[in-house]
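Enquirer: Just dropping this structure here.
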Amino acid sequence: MCPQCGTRDAEWDETAGGDENAYVAATHKCIGCEVIADKQAELPAEGQAARGMKVYLLPAAVHAALQAQRELTGRRRDDEDDD
């Protein structure tokens with residue numbers, strides 16, 4: 001079996017019971033993968049800032065909740081500093 005495409009030679013070989021048209025190459029565009037690729041293009045190309053950087057998808061509602069939590073935590077710290 002080919003590690004790249006997952007087919008076997010016999011599947012394509014008519015003398016082995018296969019068909020040279022056993023598969024059709026198709027394309028599919030994943031918007032999520034496109035968004036990830038766009039964000040990766042914004043990352044620094046090299047240097048310390050680029051090390052370990054990963055891009056992942058996070059549901060918008062989860063992102064908003066995390067951002068609100070950070071803002072609240074930041075305000076609490078500011079309030080404590082005023083005391």
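The values are calculated or read from the model by the stated rules, or taken from the named source; none is laboratory data. All values reported here derive from a predicted model rather than from experimental measurement. Every residue, glycine among them, receives a Cβ derived from its backbone with ideal geometry; neighbour counts consider all protein chains shown. The accessibility values were calculated without ligands, DNA or RNA, using every heavy atom of the protein model including side chains. Shrake-Rupley method; radii C 1.70, N 1.55, O 1.52, S 1.80 Å.
Enquirer: Please give, to one decimal in nm, the separation of the simple spin-label points placed at residue 49 and residue 19, each 7 Å out from Cα toward the Cβ.
Expert: According to this spin-label approximation, the distance is 5.4 nm.
Enquirer: Between residue 67 and residue 30, 0.36 nm times their residue separation minus their Cα-Cα distance comes to what?
Expert: Values: separation 37, 0.36 × 37 = 13.32 nm, distance 2.65 nm.
So the chain would gain 10.7 nm between residue 67 and residue 30.
Enquirer: Report the chymotrypsin sites (Phe, Trp or Tyr not before Pro) located in segment 4-68 that are in a DSSP loop and have at most 13 other Cβ atoms inside 10 Å of their Cβ, or state none. Provide the component values of the computation, followed by the final result.
Expert: Working: sites: 12, 23, 56; in loops: 23, 56.
Listed in order of number, the matching sites are 23, 56.
Enquirer: For volume of the Cα convex hull per residue in Å³, one of (i) 75; (ii) 89; (iii) 175 was computed from the structure I shared and the rest are decoys. Which label?
Expert: Calculated volume of the Cα convex hull per residue in Å³: the matching label is (iii).
Enquirer: Could I ask something else about it? Suppose every Lys and Arg Cβ carries +1 and every Asp and Glu Cβ carries -1, with no other charges. What dipole size does the chain come out with about its Cα centre, to the nearest 20 debye? Present the calculation step by step, with values, prior to reporting the outcome.
Expert: On the way: 9 positive and 17 negative charges, 37 e Å.
Rounded to the nearest 20 debye, it is 180 debye.
Enquirer: FRET efficiency for residue 41 and residue 11, Cβ-Cβ distance as r, R0 = 41 Å, nearest 0.05?
Expert: Working: r = 37 Å, r/R0 = 0.91.
Here the calculated transfer efficiency is 0.65.
Enquirer: Nearest 10 degrees is fine. How inclined is helix 60-82 to the longest principal axis of the chain, computing both from alpha carbons?
Expert: Between the helix axis and the principal axis of the chain, the angle is about 20 degrees.
Enquirer: In segment 1-79, what GluC sites (Glu not before Pro) fall in a loop by DSSP, with at most 13 other Cβ atoms inside 10 Å? Mind dumping the intermediate values first?
Expert: Values: sites: 11, 14, 20, 34, 42, 46, 71; in loops: 20, 46.
Filter output for segment 1-79: 20, 46.
Enquirer: Once both axes come from the Cα atoms, what is the angle between helix 31-42 and the longest principal axis of the chain, in degrees from 0 to 90, rounded to 10?
Expert: For helix 31-42, the angle is close to 60 degrees.
Enquirer: When ligands, DNA and RNA are left out and all protein chains stay put, how many square angstrom of accessible area per residue does the chain have with a 1.4 Å probe?
Expert: Roughly 92 Å² per residue, with all protein chains present.
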